[in-house]
1. Would you please give the FRET efficiency between residue 393 and residue 357, computed as 1/(1 + (r/R0)^6) with r the Cβ-Cβ distance and R0 = 30 Å, to the nearest 0.05?
2. When the dipole is taken about the Cα centre of the chain, and only Lys, Arg (+1) and Asp, Glu (-1) are charged at their Cβ, what size is it in debye, to the nearest 20?
3. So how far apart, in nm, are the two label points at residue 4 and residue 213 if each is 7 Å from Cα heading toward Cβ?
4. To the nearest 0.05, what FRET efficiency results for residue 98 and residue 191 with a Förster distance of 30 Å applied to their C-beta separation?
5. Take 182, 64 and order them by how many other Cβ atoms sit within 10 Å, fewest up front.
6. Tell me the net charge near residue 414. Cut-off is 10 Å between Cβ atoms, residue 414 excluded, with +1 for each Lys or Arg and -1 for each Asp or Glu.
7. Could you please state, rounded to a whole Å, how far the C-alpha centre of the stretch 60-124 is from the C-alpha centre of the stretch 361-418?
8. Taking other Cβ within 10 Å of each residue's Cβ, how do 313, 83, 283 sort, fewest first?
Amino acid sequence: MNALTEVLFGDTRNYHGSVDERFIDLAEQFSRLQDARTEQGGAVLVVYFQGQKVLDIFTGKKSETEQWNDQTLSVCYSTGKGVLATLAHILVSDGLIEYDVPIAHYWPEFAQHQKQKMTLRHILSHQSGLYDIRNIIKDAREMLDWQHMLEVFETTSPRFDIGQSNAYQALTFGWLVGGVLEKATGRHLSELMQTYLVQPLQLDGAYFGVPSSELSRVARLITTRNEAKADQQQPKAKKTHQPSFKDKLIAWTGQDPQDFQDAMIPKGMRNFSFFSDEGLQAVIPAANGVFTANSLSKIYAMLAKQGQWNGKVIIKPEIFQELSKIQSFSRDKVMPIPMHWRLGYHRIITLGKRAKHGFGHIGYNGSGAWCDPERDLSFAYTHNFQIGSITGDYRLWGLTQETLRCADQIIKGGKGWF
């Protein structure tokens, strides 16, 4: 069967968990989208609406030998950028760091190579010019060493004048934001996460660097029979490179494909895996954040309530207004579609529904989390399938669309498509 047929005729009840009946259409869509591939991996979807969890469902396999369960953690790639940004905003709200004070004030060694005026705002909005990972390290395995990577950025020069353009810091974002948070507070990133995010929101799993005691909870990639067979075969002569859809899309937008490669692909990635134990335990916040979908959706549920949760102010109103404001409408040098960067977040990508005031972050594997304060709604979708797309895939877009439609049915009395 082709993908469309698999979805249309998929089982509508192939999931475990809890569903508010007002969101049953979303649960059925999730089931249809996952049904044909539950032996290849697993997925989970969590939605909060008006401060209450209204959907928490999962299906499929966590590993070759285990089924997904309600404690499963997922590698979420860039979806974690939104979590790190949220931590930064909490620290700004608490007066521990400021958006527009030069980073060099907290981190003097960072001032080298024309970076003396760079601020946290420049980094959060992808206007720093420090997006190049490919040319600043010789091998991807250097990313395993947190302190080494901070030192690398001390001696790195921006690729353009600070604040004069946008370029998605696909991998560099984590060391830049996480580094300045550590320097400003004198505390390790893991400690900051626990103190300011995990404990106040009572999260059930959120890590940049998974503790050894939690590794067994992480969903792993499942190798298909065809992939295993291909791995056993002798290497073949290289074929002439045929441009992929991604390549064609980048070229069509008028962007330089080299910018994309420099931002996304370190040298030596063939010998590196985010899913290995060492990859999971390293601190690479832009790419290897590991979360439960419940933790992600709960973080964004707090943001949907404009920084408040259970009667406590996590982020002050004036800071929330700042973090949710679009910083630039300029075309990004790396991303092929308009992102409308806020401070660490981008717009919500849907199949038509508008969420003008919504924001969040997606990951390269098609995971994603977002909030819409106007609807008091939050969403998180994670999985362990072997797919990759810088803008997500049709499952993420479709689930986002249906989540907004179900909320509108309650709020407005009709779903609508736009």
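Taken together, the values in this text are just the output of simple stated rules run on the coordinates, not laboratory data. This one's a predicted model, so the numbers in the text were calculated from it and none came from an experiment. As a convention, Cβ positions derive from the backbone with ideal geometry for all residues, glycine included, and neighbour counts pool all protein chains shown.
1. Numbers: r = 25 Å, r/R0 = 0.82.
That gives a FRET efficiency of 0.75.
2. Details: 45 positive and 44 negative charges, 183 e Å.
Value, rounded to 20: 880 debye.
3. It is 5.2 nm.
4. On the way: r = 21 Å, r/R0 = 0.69.
Approximately 0.90, to the nearest 0.05.
5. Working: 182 19, 64 9.
Least to most surrounded, the residues fall as 64, 182.
6. Details: positive: 405, 412, 415; negative: 408.
Combined, the nearby Lys, Arg, Asp and Glu give +2.
7. The stretch 60-124 and the stretch 361-418 have Cα centres spaced 22 Å from each other.
8. Working: 313 13, 83 26, 283 22.
Exposure proxy ranking, most exposed first: 313, 283, 83.
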